[in-house]
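Encoded as structure tokens, the structure appears first; notes follow it.
The values are calculated or read from the model by the stated rules, or taken from the named source; none is laboratory data. These figures come from a predicted structure and were not determined experimentally. Quick reminder, even Gly has a Cβ in these numbers, built from the backbone with ideal geometry, and neighbours come from all protein chains shown.
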Amino acid sequence: MYNIIVNVIDDLPSQTLKFVRLNLEDNLLKIRQELEKKEVIGNSWLFSKKYSENNDTGYGFAEIAFNQKEFFLLNEIIEENSNTL
């Protein structure tokens with residue numbers, strides 16, 4: 001188990017950070033179940049992968065399709081240098 005910071009981004013001006021312990025080798029379906037059980041996210045939240053834009057001067061987020069979450073592992077989408085999801 002690893003300590004992970006979950007960054008919940010929504011329409012509100014502020015971002016909510018939650019500190020939880022998760023297994024990096026679990027798929028996103030299992031991670032979703034854990035986060036819902038810990039009341040970190042609701043069942044309508046989606047996962048995304050951060051990517052660089054404009055020659056690494058900016059970044060964006062690519063949404064992971066809801067029906068694909070069982071095919072991605074947590075360690076594939078976290079920011080490794082900060083353990084942020």
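Quick look at the numbers
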item: Enumerated strands (runs of 3 or more DSSP E) restricted to segment 1-71, each holding at least 2 residues that are under 19 Å from N81 (Cβ atoms) and among the polar types (S, T, N, Q); result: 2-8, 48-53
item: Residue match in segment 11-30 (condition: β-branched (V, I, T) and at pLDDT below 80); result: yes
item: Tabulated pairs, segment 26-53, first farther than 14 Å from I64 by Cα and without any contact (Cβ under 8 Å) to a residue 12 or more places away in the chain, second loosely packed, with under 13 Cβ neighbours inside 10 Å and not acidic (D, E), C-beta under 8 angstrom, 6+ apart or interchain; result: E36/G42; E36/N43; S52/G58; S52/Y59; E53/Y59; E53/G60
item: Residue list for segment 14-25, restricted to those being of a type in the set (A, V, I, L, M) and within 14 Å of F71 (Cα to Cα); result: L24
